[in-house]
Amino acid sequence: MPELPEVESQARDVKRWVAGHIIKEVWVGWTKTIATPSAALFKKKLIGRRLKKVYRRGKFIIIDLDKGLSLVSHFRMTGHFRVAPVSQSASAARWYLYPPDRFTRVAFMLDHDLVLHFSDIRKFARLWLVATDRIRHMPALAKLGPEPLEPKFTPDKFVQCVRGYSGMIKPVLLNQACVAGIGNIYADESLFDAGVHPKTRLDKLDDAQLKVLGQMVKKNLTAAVKHGGSSVGDFVNAKGESGKHGMYLRVYGKKGEPCRRHRNGKPCAGTVKRIVVAQRGTHICPICQKVKR
């Protein structure tokens, strides 16, 4: 599933390429992609609207339109936006068919000969068309925790957030009501960098350790945004290009590889291991990360 850096990369791409454009036509190929309203009403309400503000909240992308409407999207497992000129669809029977991306579920014909595609291989992604002043009342958005990349999100704020929970540290990191946007990849990377085992219980970690973990969360997310996200799985940006952060991952997906940390000035002798924590595949160095009891 795309996480905060991947969704942020998409939000920036959409803002860069289509903000200010007007929707001329809408095509819906998979009606279940539209969570609300009906597909027919969705199309009717969108035609003629101008795309204005584009931003991310947690793992959601929100596009504010004129006249008090907003388009809310969540990628789930394999969703993403794709921007392409109409000319790249000239060989197709209809404008919405973009040959390199046959998994388009919804497409928006824009002015200036641009098409905004909402692509989703597994058909789990969703779009909502809602009144802008009702966004904060959407259940999935209302329960989101603070944004970890905001300047006001300090290590102390991170400690305050996680102290409201109990149990193992990794499931707390993945809890969107605690901190918005963190997923499996960056939870593993941050725990590794902080030297914290994902099964360690919160009550066994002191505030100093949690502050370091909060710093690592911010560091990893910031770096991944800078590199356009990690193309682990099917993620691509709005131009169909892979994110570059995958080459910087040090533990996630590195099962069987040598640990990349140094201990006392020497390379760690550990080998990355894959375990399961709260039903999620998890990557650790068993030497660097030990359960604190």
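This table checks each residue for (1) assigned to a loop (DSSP other than H, G, I, E, B); (2) of a type outside the set (A, V, I, L, M, F, W, C); (3) free of Cβ contacts under 8 Å to residues at least 12 places away in the same chain.
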| position | (1), (2), (3) |
| --- | --- |
| Pro5 | no, yes, no |
| Gln10 | no, yes, no |
| Val14 | no, no, no |
| Ile23 | no, no, no |
| Ala35 | no, no, no |
| Lys44 | no, yes, yes |
Quiz prompt | Matching entry among Ala224, Ala208 (being part of a helix (DSSP H, G or I), hydrophobic (A, V, I, L, M, F, W, C) and in contact with a helix residue (DSSP H, G or I) (Cβ under 6 Å, 6 or more places away or on another chain)) | solution = Ala224
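Using the structure shown, decide if Lys59 is closer than 20 Å to Ala180 by Cα and modelled with pLDDT of 95 or more.
Values: closer than 20 Å to Ala180 by Cα: yes; modelled with pLDDT of 95 or more: yes.
Spelling it out, Lys59 is indeed closer than 20 Å to Ala180 by Cα and modelled with pLDDT of 95 or more.
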Quiz prompt | Exclusive hit being among the β-branched types (Val, Ile, Thr), surrounded by 14 or more Cβ atoms within 10 Å (Cβ to Cβ) and either farther than 20 Å from Lys199 by Cα or more than 19 Å from the chain's Cα centre (by Cα) (or both), set Val276, Val236 | solution = Val236
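Residue-wise test of (1) farther than 30 Å from Arg82 by Cα; (2) touching a strand residue (DSSP E or B) at 6+ places or on another chain (Cβ under 6 Å).
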site: Val212; (1), (2): yes, no
site: Lys218; (1), (2): no, no
site: Lys239; (1), (2): no, no
site: Lys255; (1), (2): yes, yes
site: Ala269; (1), (2): yes, no
site: Arg274; (1), (2): yes, yes
site: Ile287; (1), (2): yes, no
site: Lys292; (1), (2): yes, no
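Tell me the residue from Val251, Val225, Val212 that is of a type outside the set (Gly, Ala, Ser), over 26 Å from Ala125 (Cα atoms), touching a residue at least 60 places away in the same chain (Cβ under 8 Å) and surrounded by 15 or more Cβ atoms within 10 Å (Cβ to Cβ), please.
Working: Val225 fails: over 26 Å from Ala125 (Cα atoms); Val212 fails: touching a residue at least 60 places away in the same chain (Cβ under 8 Å).
One residue alone meets the criteria, Val251.
Find the residue count for the stretch 106-153, including only residues that are under 19 Å from Gln10 (Cα atoms) and in a helix (DSSP H, G or I).
1
The values are calculated or read from the model by the stated rules, or taken from the named source; none is laboratory data. These numbers come from a predicted model, not from an experiment. Because the Cβ atoms are built from the backbone with ideal geometry, glycine has one as well, and the counts that use them run over all protein chains shown.
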